[in-house]
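Right, one structure below, let's go through it.
FYI, it's all coordinate maths here, none of it is from the lab. Quick caveat, the model's predicted, so the values are computed rather than measured. FYI the Cβ positions are ideal-geometry reconstructions off the backbone, even for glycines, and counts take in every protein chain you see.
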Amino acid sequence: MECTRLNNNECLIELYDQMLGDTDISSVLRVVADVACANLKAERATVYLVDESTNELQSAAVIGNVPCSIRLPIKESSLAGYCAVTGRSFVVPDAYGDLSVIDERLHFDRSWDKKTKFRTRDVMCTPAMFKGKIMGVIQVLNGKDRSFQESDLNVLKNISHMVGYALYHAKIYDDLATMKKLEMEKARFMQIMVHELKSPVAASKMMTDILKNYKNKPEKMVSLTGRIADRLDQMSQLIRDILELASVKSGVPLGDVSELNIVAETQEHYKVCCDQAKQKGLEMSMEVAEKELFVRFDSQGLSLVLSNIIGNAVKYTGEGSVKIKLSRQDEWAVIEVSDTGIGIPEADIPKLFGEFYRASNARKSNIPGSGVGLAGVKNIIERFGGRLELQSRENEGSIFSVYLPLYSDTWRS
Amino acid sequence: MQDGKYVVLCIDDDADIRECLQIILEENDYIPVLAESAEEGYRVYEETKPDLIIVDMMMEIADAGTDFTKKVREHNKNIPIYMLSSVGAGLSMNIDYNEIGLTGILQKPIDNDLLLSLLTASLK
């Protein structure tokens, strides 16, 4: 869209038409960022959306050389964060200058410039709102021909007025499409869940019928009654795991979302698992490169991630060792858990994070498991902008690596 | 048949279900042969040439039982094959008996008397 050919009003009308005709949020926001950048002759433009589940701004469209994905807490610790908290539109003539003349709370995080090798000069921010609710923030950086003026801010505000409406409009379509997909996934999930729950019930019922109908096999009684108890325990654990997975999939955080030191959190889980590992004769160790690595995460969710990943390593290792390593890699905090356990067959690796899926060698082993844990773990990690990687060889062991975005030191207050 | 007794192949990834079937069949003068996956089941089928097959629907993959049945039917149109289902009669109605070549579907938990009457009807 060549806004340079048109005056501001024509540009805005054409933008309006394009936004209302498009129901794909990503596409709409790309157009907005492009128009904002071109019309205001800016070097960079970013459109952020509010993620209510984590109380963060997530970059949804960027023009200019910026990292693919930016997540910022909705706090005054950044310019866009301040805009989202206060709902104010503003021009900052010099990001490195004295910002207290605009507002004492205003703060510019220079670490982003360092990461992206960019020098921010002047900045404009405006919230995108709909019916009084802030849905996002539009931010433009560095006027090419001249610094941004208050008249430029008015143009940006006009764009943001329409963005709020278009976001709401596109979100409705997106929600409907997602609902249809979720209904199909729910049906599939229900079918598998019924099968998994019914299996221990059916087996227990058949074993009790055997005990009733074939009393001439007393030698089987002790064995079968023990196995009935085991299957009922298995079902109880499965129900707990399913309820936990349902909580995770609901998207509502399991605990408070806050800044957590994963070194301290991992040490707690390490101590618990050390006892279990010792009972099995396993060697367990933890290597930490730094005393503090802060991430923004859901407290109970992080506990679930650590107990699953570290617990599985101990559970599926018969002899040898389990090693935990924490380190910083660029903008990531990395938790790496490696073991010398049964490993995972290559054919099972792509399916391992599916609900109720257990690797073929795990199913054949006598090691109990529901196949539910890893699906929830992956879901939580990705919800907070992280990723889970796996390397494994059958009969040699596995390495699970959890990457979580580091919480910037300048945001901690 | 072996030694005058009918051979029944039971394929299920649940060890407890396999043991229950083994006890029921042995106590009623059948010879059970067991397998824990469709892949193993096909190997055992070719080795033992059973008189009847009982196969679980969902094993290593969701359609393991139906895939196994179709494979057997390519060469053997006559052997009775019963599928075990955990997902209920409503959901298992998605399966077209005739298209796959099943003789019938049994819901888990398998009723002892029902199983014995089906075996009698199919074999004797």
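Values for this structure:
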read-out	value
Which of B:100, A:159 has the fewest Cβ neighbours within 10 Å, and the rest in rising order	B:100, A:159
Only Lys, Arg (+1) and Asp, Glu (-1) charged, at Cβ; the protein assembly as shown dipole about Cα centre in debye	500
Sequence of A:240, A:30 once ranked by neighbouring C-beta atoms within 10 Å, starting from the fewest	A:240, A:30
Point-charge dipole on Cβ atoms (K/R +1, D/E -1) for region A:254-411, about Cα centre, debye to 20	560
Spatially proximal lysines relative to residue A:117 (Cα-Cα < 20 Å; intrachain offsets below 8 disregarded)	A:144
Kyte-Doolittle at least 0.0, axis length at least 15 Å by Cα - qualifying DSSP helices, chain A	A:25-39, A:299-315, A:373-383
Fewest-first sequence of B:66, A:46 by Cβ atoms within 10 Å of each Cβ	B:66, A:46
Value of relative contact order over region A:254-411, rounded to a whole percent, pairs C-alpha under 8 Å and six or more apart	24
Assigned charges on the beta-carbon of Lys, Arg, Asp, Glu; region A:58-164 dipole about Cα centre (debye)	420
Three-way shape call for chain A based on the alpha-carbon gyration tensor, with the a/c threshold at 1.5	prolate
Percent RCO, i.e. relative contact order, over region B:7-123, from Cα pairs under 8 Å lying at least 6 residues apart	22
Lysines whose Cα lies under 27 Å from that of residue B:49, excluding same-chain neighbours fewer than 8 positions away	A:364, B:5, B:70, B:71, B:77, B:108, B:124
Dipole of chain A [Lys/Arg +1, Asp/Glu -1 at C-beta], most positive-end residue of A:248, A:326, A:365	A:365
Region A:37-172: C-alpha gyration tensor shape, a/c 1.5 cut-off, then a/b vs b/c	rounded
Of B:101, B:24, B:66, farthest towards positive along the dipole that unit charges on Lys, Arg, Asp, Glu beta carbons give region B:7-123	B:101
Global form of region A:356-407, assessed from the alpha-carbon gyration tensor, a/c cut-off 1.5	oblate
FRET efficiency, residue B:26 to residue A:393 (Cβ-Cβ, R0 60 Å, nearest 0.05)	0.90
Over region B:7-123 - Rg/Rh using Cα atoms and the Kirkwood inverse-distance radius	0.91
